[in-house]
Amino acid sequence: MPKQFILDLVADMTLEEKAMQMTQLAPEFFYHKEPANLTGPFRQWRFEEDQLACMGSTLGPSGASYLRRLQEDYLAVSRQKIPLLFMSDVIHGYRTVYPIPLAQGCSFDDALVEEAAAATAKEAAAAGLHVTFSPMVDLVRDPRWGRVMESPGEDPYLNGRMAAAMVRGYQGTDLKEKGRIAACIKHFAAYGQPEAGREYNTVDMSRGVLRDFYLPPYQEAVKAGAAMVMTSFNLVERVPATCNKLLLRRILRSEWGFKGVVISDFAAVDETMNHSVAADPEEAARKCVQAGLDIEMMSGVYASALKKLVEEGRLAESEVDECVIRILELKDRLGLFENPYKDADEKDEKTLLLCKEHRALSRKLAREGMVLLKNNGILPLDGSQKIGLAGPFADTGCILGGWHCEGKVEEAVTLRQGMEESLGRKLPVGMSAPFLYTERHDVPDDVCGALDALSDSQVCVVAIGEPQWETGEASSRTNLRLTPHQEKLVHALKAAGKQVVAVLFTGRPMEIAPILEDCDAVLQVWFPGTEGGRAVSDILFGQYNPSGKLAMTFPRNVGQIPVYYNHYQTGRPLVREDDYFTSRYLDCPNSPLFAFGYGLSYTEFTCSGLAASPDGTQASVTVKNVGARAGETVVQLYVRDVSASVARPVKELKAYRRIALEAGEKAAVSFEVTDDMLGFYNEEEEWVHEPGWFDLFVGLDSERVEQVRIYRK
Ligand code: GLC
């Protein structure tokens, strides 16, 4: 039941004021009274001064001094003194940048991810923010889509655990608490599966697939208490998510019990007309409000249409009030009515932003998210070898990734800095000209220069990848190979007899098969953030034994996409290669280059002796470190429903556990196999547990597993 003071405020509001409380604009609108002062997409929207004096929230800019002034100036003209809500995209760090979320997924370390989110919230709150548009938990299977970098990966269970960890980290248990910000889950729903991997393209899938794979991560974030949900640009069953009653009314609010605020994505209310489901702004506004969309981000449909709709009786004012009440309740949960400035504090900014504790945390999480894909024994390096460094990521701070908020590339530790700090000496460096924003698609070919500079090097660390500004939003690509000059560099160094260690700075699984054979080792470092150079060096020189596991499958080539582990079996699964009429390609194996859950270590782990309890409620396995050094790995439990009323995936991750073992040490790892792990939505969309046979798989990746069959009543 809303508090009385909120009901009183709403009762006192005019329809214009309600429409503006439901509108989110960039702060520039408030400070530039004339639209003429606004540029680009801002210009199309015209708001009157009295409208701007009652807008509900802003997005984008931050900083304690700026947001305090904005709040003060705004309250000075606000009739009802309802504070503004300040939101921004704090996706993987505020000023201290953490590894991209896809790398965080590869850590399989919920506790550390939660810690990083909590540290991020402290920085963002000190900078005056109240809400972050994070976690993004769209399930992703298509690396042609540039936003895979923002997601924890391809698995519903892993995404759900990571989403919940981030929500807990950002929000804590009380939004009023100092250093806490509200989390906004996005993008609801299924934005991560655009056709052909093309940004903003149509999403179309069965209800069953939506239930099996794409909805669970959002649900886990809602269970964790996320305060907000952002709708996605795409259609879900031919209706834009932004005005989709199935998603927002039936699933989000009545099935999941979500009571928070729903916000659109950027101008998505207006875009319902492009989707051709609204003939005019009035119809767009009506459909979105009736679906339960509380805040319109960065377009003026609500502002221009709501009053007219209500006055003409085409929309009940109570439907508008429902949205306004939820917005005011969120402001109240954040304590803004008592303290409109919340934690905005310049002194705290100076203390917290980029502090050594946060940098150390970023370095730790970056290491854990890196995945050793190949190693013929060349790694870890030691100081005795003649080491050279080459490639466009050898000495650049552009390793923060997309959506790096207030992070500054000049504050990032480059790979060269990290390596020279570890070695205590300068390194020969070649072909290190970084990607330039202006020169799209490749770096200069200076392979001859590199061969010359590294002529005396035995081991060449080759830092290659994709430019960070070609990842994230609006960054789809049809070609996933590394650029020609980067590939040429690898081949040339190998041909010159060097040992090649490839270090991959990418926001997505790239098509690395063309260079794999010429690499003695491959370390996937993603975009590791502010401490990236040190984190990579920690692994290269063995200060840290890599433990990361792939949260997203690496395809052999772009033609395989989408390729992912938890697929349905099909009626003709590939069993024998010589069986012609079976589900396969003529020119490529079905298996990926590197599978979900895969990652090497400097030591070796075995996983054996899988046993299940007679009633199938427990599974245990012995994990042993049979190598010569301590290390950590991730033990993974997968389940398969052998036969059910609808097709079930060949494997589904249902539990995982990070485990650290000394050389020679072994440990028993046991998992409870709960009913919930075995349940699914049937054809009638009921969540059911059907009795029958189930296969349990336990292993250190999704392919090399121990298997046991159980019967569950
Ligand atoms: C963008 C993105 C969304 C982001 C929003 C605000 O278009 O889709 O993820 O939170 O706009 O910047």
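Some points to look at:
- Take the conditions (1) outside any loop (DSSP other than H, G, I, E, B); (2) in contact with a helix residue (DSSP H, G or I) (Cβ under 6 Å, 6 or more places away or on another chain); residue 362 misses just one of them, which is (2).
- Filter result (out of contact with any Ser or Thr (no Cβ under 7 Å at 6 or more places or on another chain) and loosely packed, with under 15 Cβ neighbours inside 10 Å) within region 607-643: 613, 614, 615, 617, 642, 643
- Top-ranked residue of region 48-82 - restricted to ones that are more than 17 Å from residue 345 (Cα to Cα), more than 16 Å from the ligand (Cβ to nearest atom) and of a type in the set (Ser, Thr, Tyr), ranked as surrounded by the most Cβ atoms within 10 Å (Cβ to Cβ): 74
- The set of residues from region 271-296 being surrounded by 23 or more Cβ atoms within 10 Å (Cβ to Cβ) and within 16 Å of the ligand (Cβ to nearest atom) comprises 272, 293, 294, 295, 296.
- Test: residue in region 203-218 that is within 16 Å of the ligand (Cβ to nearest atom) and surrounded by fewer than 24 Cβ atoms within 10 Å (Cβ to Cβ): yes
- Selected residue [crowded, with 20+ Cβ neighbours inside 10 Å, under 28 Å from the mean Cα position of the chain (by Cα) and more than 21 Å from residue 118 (Cα to Cα)] from 315, 373, 389: 373
- Count of region 654-690 residues which are hydrophobic (A, V, I, L, M, F, W, C), more than 30 Å from residue 627 (Cα to Cα) and without any contact (Cβ under 8 Å) to a residue 60 or more places away in the chain: 4
- Looking only at residues of region 421-462 that are without any contact (Cβ under 8 Å) to a residue 60 or more places away in the chain and among the polar types (S, T, N, Q), we find that the one that is farthest from residue 482 (Cα to Cα) is 455.
- Residue match in region 441-457 (condition: more than 16 Å from the ligand (Cβ to nearest atom), under 32 Å from the mean Cα position of the chain (by Cα) and charged (D, E, K, R)): yes
- For region 199-219, the criterion of being outside any strand (DSSP E or B) and in contact with a Ser or Thr (Cβ under 6 Å, 6 or more places away or on another chain) is satisfied by at least one residue.
- Inside region 248-268, residues that are touching a Gly at 6+ places or on another chain (Cβ under 9 Å) and away from the ligand (no atom under 14 Å from the Cβ) make up a count of 5.
- Here residue 658 fits the description: part of a strand (DSSP E or B) and at pLDDT 95 or above.
- Residue-level analysis places residue 140 among those that are crowded, with 24+ Cβ neighbours inside 10 Å, under 12 Å from the mean Cα position of the chain (by Cα) and of a type in the set (Val, Ile, Thr).
- Looking across 416, 359, one residue alone is under 23 Å from residue 117 (Cα atoms) and among the basic types (Lys, Arg). It is 359.
- A single member of 584, 640, 629 is under 28 Å from residue 366 (Cα atoms) and charged (D, E, K, R), and it is 629.
- Residue satisfying condition, being of a type outside the set (Val, Ile, Thr), more than 12 Å from the ligand (Cβ to nearest atom), on the phi > 0 side of the Ramachandran plot and out of contact with any Gly (no Cβ under 6 Å at 6 or more places or on another chain), within set 172, 153: 172
- Selection from region 106-144 of residues that are within 15 Å of the ligand (Cβ to nearest atom) and under 17 Å from residue 157 (Cα atoms): 135, 136, 137, 138, 140
- Of all residues in region 599-644, those satisfying the criterion of being assigned to a loop (DSSP other than H, G, I, E, B), within 33 Å of the chain's Cα centre (by Cα) and among the β-branched types (Val, Ile, Thr) are 603, 617, 642.
- Going through (1) in contact (Cβ under 8 Å) with a residue 24 or more places away in the chain; (2) more than 16 Å from the ligand (Cβ to nearest atom) one by one, residue 476 falls short only on (2).
- All of 85, 102 fail the test of being crowded, with 24+ Cβ neighbours inside 10 Å, modelled with pLDDT of 95 or more and over 28 Å from residue 467 (Cα atoms), apart from 85.
- Check on residue 108, among the aromatic types (Phe, Trp, Tyr) and closer than 24 Å to residue 636 by Cα: yes
- The C-beta contact set for region 175-188 (first residue at pLDDT 95 or above, second residue among the hydroxyl-bearing types (Ser, Thr, Tyr) and part of a strand (DSSP E or B), distance under 9 angstrom, 6+ apart or interchain) comprises 181/132; 182/132; 183/132; 184/132; 186/231; 187/231; 188/231.
- Selection status of residue 165, hydrophobic (A, V, I, L, M, F, W, C), touching a residue at least 12 places away in the same chain (Cβ under 8 Å), surrounded by fewer than 24 Cβ atoms within 10 Å (Cβ to Cβ) and out of contact with any strand residue (DSSP E or B) (no Cβ under 6 Å at 6 or more places or on another chain): no
The values are calculated or read from the model by the stated rules, or taken from the named source; none is laboratory data. Keep in mind it's a predicted model, so treat the numbers as computed, not measured. Cβ atoms come from the backbone with ideal geometry, glycine included; neighbour counts cover every protein chain shown.
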